[in-house]
1. Could you identify the single residue in Leu258, Leu224 that is at pLDDT 95 or above and more than 17 Å from Lys83 (Cα to Cα)?
2. Can Pro178 be described as buried (at least 24 other Cβ atoms within 10 Å of the Cβ), under 23 Å from Leu359 (Cα atoms) and not aliphatic (A, V, I, L, M)?
3. State whether the residues of region 148-171 include one that is touching a Pro at 6+ places or on another chain (Cβ under 7 Å), in a helix (DSSP H, G or I) and buried (at least 21 other Cβ atoms within 10 Å of the Cβ).
4. Considering only residues that are part of a loop (DSSP other than H, G, I, E, B) and either in the same structural domain as Ser120 (by TED's automatic domain parsing) or of a type in the set (A, V, I, L, M) (or both), look in region 344-370 and name the one that is nearest to Leu118 (Cα to Cα).
5. Filter region 99-126 for residues that are more than 21 Å from Thr142 (Cβ to Cβ) and either of a type in the set (D, E, K, R) or assigned to a helix (DSSP H, G or I) (or both) and give the result.
6. Where residues in region 38-95 are farther than 25 Å from Lys291 by Cβ and among the β-branched types (Val, Ile, Thr), which of them is surrounded by the most Cβ atoms within 10 Å (Cβ to Cβ)?
7. What do you reckon, is Glu373 in contact (Cβ under 8 Å) with a residue 60 or more places away in the chain, charged (D, E, K, R), assigned by TED's automatic domain parsing to the domain that holds Lys32 and part of a helix (DSSP H, G or I)?
8. Have a look at Glu50, Glu58, Glu72, Glu76 and point out the one that is free of Cβ contacts under 8 Å to residues at least 40 places away in the same chain and charged (D, E, K, R).
Amino acid sequence: MAIRLADRVSSISYEIRDIVARARKVQASGKKIHWFNIGDPNQYGFKPPENITNAIIEALHNPKYSGYCPSEGDPELREAIAKIEGISSDYVTIHSGLSEGIDFLFQALVNHGDNVLLPSPSYPLYNTKLKVSGGVDNFYATDENFIPIPEDVRKRINRKTKALVIINPNNPTGATYPRSVLQEMVNIAGEHGLPIVADEIYDRTTIDEEHSVNLRTLSGEIPLISGNGLSKNFIYPGSRVGYLALHGEGIDPLRDALVKLCNQRLSVNWEMQRGALAAYTQPITHLAKLKSDLRKRRDVIYNGLNAIEGIHCAKPTAAFYCFPKIEADCFKDDKEFVYTLLEETGVLVVPGSSFAPNLPGRYFRLVFLAPPEELQEALGKIETFVGKFCRVRKK
């Protein structure tokens, strides 16, 4: 007798990891795989700061932290984050990665048929978690450098719109948003009474500037849910410690709902939260080297991709992603391009359509965390592949 699954399962898709099964088969045939699909710095020799791991080790030896943590999170950690965010610790909740925070947010906000404004392209977990919650996507356009177009945001708002998501710095594009554009987005949210979900988990990984603009500096009394965590800024994705910080007026009902959702999943690993406490209270010394390493890799991949006829890449200014456009005339869609590239060359990237269904062209996301020499090797393979399979229209 077949088990009857819930309908919501059919809406779950995460191509960033789904494509790995195909890559394993290609690898089994003896081909070298360039794993450029997942933004995991630790797979390429990057390490979390020692003060974080030392704090976790200390916590592992303290019996207190082997028990249940308060559901909203470690009180000291919440207080430390509250100081950074400029709010009371009552308005901070700790989550098993920011991804769980997104899940809880949509469970709290979205009824069947509601929509949430998402950037095009967008981190795919937003769309997946939205659909699992019964919502529908509502993607707003970005320009050729992947900066949001505020007027497109404005015209996509309707009576079923529940929130505006802003991912800055952006995954999958590596773009950072100008203050003027962010202010326009805040103004639009205020005009329409929409809460803003600010995904700022890459805010310290800017490559060409000191720090990205945090929306809490612009939002005033508009309801703002700021999300961050250890995974990217502190090079510790495996810690699974993220947080939501709630700002603005009228936010109490959402806070109460998030606390309920935290209670029903009991707690986040307490030892890892003690590591997060060290991250947010002790001097930060690793960023200069991290930015330097990312800049070297970014320059290699940005210059190399733009040197390939038929490929165009906007310059990423943060994080470790680029989102090249396939301008060459080849293959029916970006998925066929990506899967054929994998089979022929072993270069594993992710189809752009996995990040939004309404992109104006064909794209792919490439993670540039690998050493510069491996990036150069992969660029040569991409160039050979495009030359073999694609027709480049001469300008």
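The values are calculated or read from the model by the stated rules, or taken from the named source; none is laboratory data. From a predicted model like this one, the values you see are computed outputs, not experimental measurements. Every residue, glycine among them, receives a Cβ derived from its backbone with ideal geometry; neighbour counts consider all protein chains shown.
1. When all the criteria are applied, what remains is Leu258.
2. Details: buried (at least 24 other Cβ atoms within 10 Å of the Cβ): no; under 23 Å from Leu359 (Cα atoms): yes; not aliphatic (A, V, I, L, M): yes.
Judged against the criteria, Pro178 is not a match.
3. no
4. Ranking the qualifying residues of region 344-370, first place goes to Ala356.
5. Those that are more than 21 Å from Thr142 (Cβ to Cβ) and either of a type in the set (D, E, K, R) or assigned to a helix (DSSP H, G or I) (or both): Ser99, Glu100, Gly101, Asp103, Phe104, Leu105, Phe106, Gln107, Ala108, Leu109, Asp114.
6. My answer is Ile94.
7. no
8. Step by step, each of Glu50, Glu58, Glu72, Glu76 is checked, and only Glu50 is free of Cβ contacts under 8 Å to residues at least 40 places away in the same chain and charged (D, E, K, R).
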